[in-house]
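What follows is a short report on a single structure.
The values are calculated or read from the model by the stated rules, or taken from the named source; none is laboratory data. Computed from a predicted structure; not experimentally measured. No Cβ is skipped: glycine too gets one built from the backbone with ideal geometry, and neighbour counts run over all protein chains shown.
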Number of protein chains: 6
Amino acid sequence: MPYVNVRITKDGVTREQKQQIVAEITATLVRVLNKKPEQTHIVIDEIDTDNWGFAGMLTTEYRARAK
Amino acid sequence: MPYVNVRITKDGVTREQKQQIVAEITATLVRVLNKKPEQTHIVIDEIDTDNWGFAGMLTTEYRARAK
Amino acid sequence: MPYVNVRITKDGVTREQKQQIVAEITATLVRVLNKKPEQTHIVIDEIDTDNWGFAGMLTTEYRARAK
Amino acid sequence: MPYVNVRITKDGVTREQKQQIVAEITATLVRVLNKKPEQTHIVIDEIDTDNWGFAGMLTTEYRARAK
Amino acid sequence: MPYVNVRITKDGVTREQKQQIVAEITATLVRVLNKKPEQTHIVIDEIDTDNWGFAGMLTTEYRARAK
Amino acid sequence: MPYVNVRITKDGVTREQKQQIVAEITATLVRVLNKKPEQTHIVIDEIDTDNWGFAGMLTTEYRARAK
């Protein structure tokens, strides 16, 4: 009964990309751990870059500096 | 000191329904485990069906197929 | 497709208590939100009192002071 | 490799406040546990007061009663 | 900066299986979303079957009935 | 009503270090966001290095290579 939570920054991820992520992670858990797809739940949380801190600063600022 | 996180799909859940869920889960924890209501926190996350994967696909697609 | 995470302090909760919590929370979600039991997952995390901070101190210490 | 999740009610927290929270929590983990800032991630979730249950009721109602 | 939490039942998962899960999920996020491996963290939580509720009962009991 | 989850690798963190982390994060939330200590919960999860994936491998392996 896996539950997977994928947390990423909100960067315009498309429905097709989400579908691919869900399909691949489910396939991994089925193949490696013999889990059942109908008992595998995967929740994707898209986080505003103002709400994701990294290296002591907000990702918004981190990316501005990195340019 | 319980902390409960309820994650559900975003399907127009009303404030009354949220209130009922919070009241009942709190009552369960008070009755079964003798927890204090004022130390019991329950956070409800409503997840877009495009962000909830199930059975290897997005719930949006799963529901469309189920019709 | 609810996923519920119940986090409580590790205080010798019995299997019967866990079973009751799972049964009651599932019943609440079925009754209030019309969810399906076979798509409802509830994970209980039991946390050592040294790892649960409350009111600025560890619960171990909080409880010792409360005596 | 710390991952920190800060969940708070959605109350108009400013970018400056988020930056300060991220900077201080990162500094704590670096100082106390010798963690590396570039491996420290902090995600802030702002929760609607209708979705945060406390003391058996929604925070929206709790605050209205407290006035 | 993805953070992924994989929650599974505690069933004697080996280090090799964990390594494969981490490698594959990281590869998915790099390929589909162009994420950097050195900013991708994946935490695997192994949950006792007495602590995972499914279909209104503990997984321990669910599996015993399924035999 | 903040809830904070700090996830770190299991590296012999002492009770004193946990106490300091809890005290400092609580102080940050009180000072920056005006939160109440008695409504602030902080849970520390210590994760085995075999269960924390980073840069596509388990932390156990990552550290062995880094030596």
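Is there a residue in the stretch F:25-41 that is surrounded by 15 or more Cβ atoms within 10 Å (Cβ to Cβ), touching a strand residue (DSSP E or B) at 6+ places or on another chain (Cβ under 8 Å) and of a type in the set (D, E)?
No, every residue in the stretch F:25-41 fails to be surrounded by 15 or more Cβ atoms within 10 Å (Cβ to Cβ), touching a strand residue (DSSP E or B) at 6+ places or on another chain (Cβ under 8 Å) and of a type in the set (D, E).
Name the pairs whose Cβ atoms lie under 8 Å apart, with the first residue in the stretch B:1-30 and away from chain D (no Cβ under 11 Å), the second modelled with pLDDT under 95, and 6 or more positions between them or separate chains?
B:T9/C:M1
List pairs: first in the stretch A:50-67 and farther than 14 Å from D:N5 by Cα and modelled with pLDDT under 95, second outside any helix (DSSP H, G or I) and of a type in the set (S, T, Y), Cβ under 7 Å, 6+ apart or cross-chain?
none
Residue check: is C:M57 closer than 20 Å to B:D45 by Cβ and away from chain E (no Cβ under 11 Å)?
no
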